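Please read the structure below before turning to the comments.
The values are calculated or read from the model by the stated rules, or taken from the named source; none is laboratory data. The structure displayed is predicted, hence computed values, not measured ones. Note that we place each Cβ from the backbone using ideal geometry, even for glycine, and neighbour counts take in every protein chain shown. Protein only, heavy atoms only, side chains kept; ligands, DNA and RNA dropped before computing areas. Shrake-Rupley method; radii C 1.70, N 1.55, O 1.52, S 1.80 Å.
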Amino acid sequence: MDPDSFRSTLSTLNFGNVMAAAARDYQKEVLAKEKSQATASNNEEVDLDELMDDPELEKLHAERIAALKKEVEKREVLKRQGHGEYREITEGEFLGEVTGSERVICHFYHREFYRCKIMDKHLKALAPVHLNTKFVKLDAENAPFFVTKLAVKTLPCVVLFRNGIAFDRLVGFQDLGGKDDFTTRALENLLKRKGIIDEKKQDDGEDADDGEDHHKSRSIRSSKMQDSDSD
């Protein structure tokens, strides 16, 4: 055989041997990885089984379930007491409503006063968000006894009750910049500072609307009671 041809054949055989060896090594590496992954998977299954049998974990899980159940029961009780919505009440219902819950917000309003309607809109948005506080409204014209008793002279007037006792109030919009275009968030923060609603909301997490439409101010006067829109 020609020497050059022999060297070429030998070189080809060597290259083939190298490729074959590389293929074997690659196959071994793949098998090793698969075996390692299978072992890790088995270990994870064992660890999960061990965790499921962990008495401390079971205790924490039981405590969490009990806490959630208690919270659901509390929410149901509050809803039966009229929490979670902004409701209109009568003068005859007033005492029962404000003494039946720990914290109550009562809006004394007039049906024709524009600013009362603005307050209505914001309180209606906050009522389902702050379940621990009851939100109600009372037509001032139809509640002369409590209007006199609580010295309600300017509307809107939002009276804050704790355990049946009036401890603070919002008169008109004087604590909200004196303008009609305040946001629900601004009212919410004011009520938080006064301690009538919680810092943390009790619902499924929707924030009070911070982008309320601006309102045009308008003066409406009453011969029986002064609207806060008045001069």
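Look at where the Cα atoms of segment 56-135 and of segment 165-192 average out, and the two centres are 18 Å apart. With both residues required to sit in segment 82-194, DSSP beta bridges show an antiparallel share near 55%.
Backbone amide hydrogens, once placed in the peptide plane, bring ARG169 within less than 5 Å of LEU160, excluding anything fewer than 5 places away on its chain. Pairs spanning more than 26 Å between alpha-carbon atoms, out of LYS117/LYS149; LYS137/LYS200; LYS79/LYS124; LYS149/LYS200; LYS69/LYS137: LYS149/LYS200; LYS69/LYS137. At the residue level, LYS179 shows approximately 130 square angstrom of accessible surface with a 1.4 angstrom probe and all protein chains present. Over segment 82-194, accessible surface divided per residue gives 41 Å², non-protein components excluded, 1.4 Å probe.
Pop the C-beta distance of ARG111 and LYS200 into the FRET formula with R0 = 25 Å and round what comes out to the nearest 0.05. Efficiency at R0 = 25 Å is approximately 0.15. For a label point 7 angstrom out from the Cα of ILE165 toward its Cβ, which stretches of segment 76-107 have the backbone nitrogen within less than 20 Å? What the label zone holds, given the 20 Å backbone N cut-off, is 95-106.
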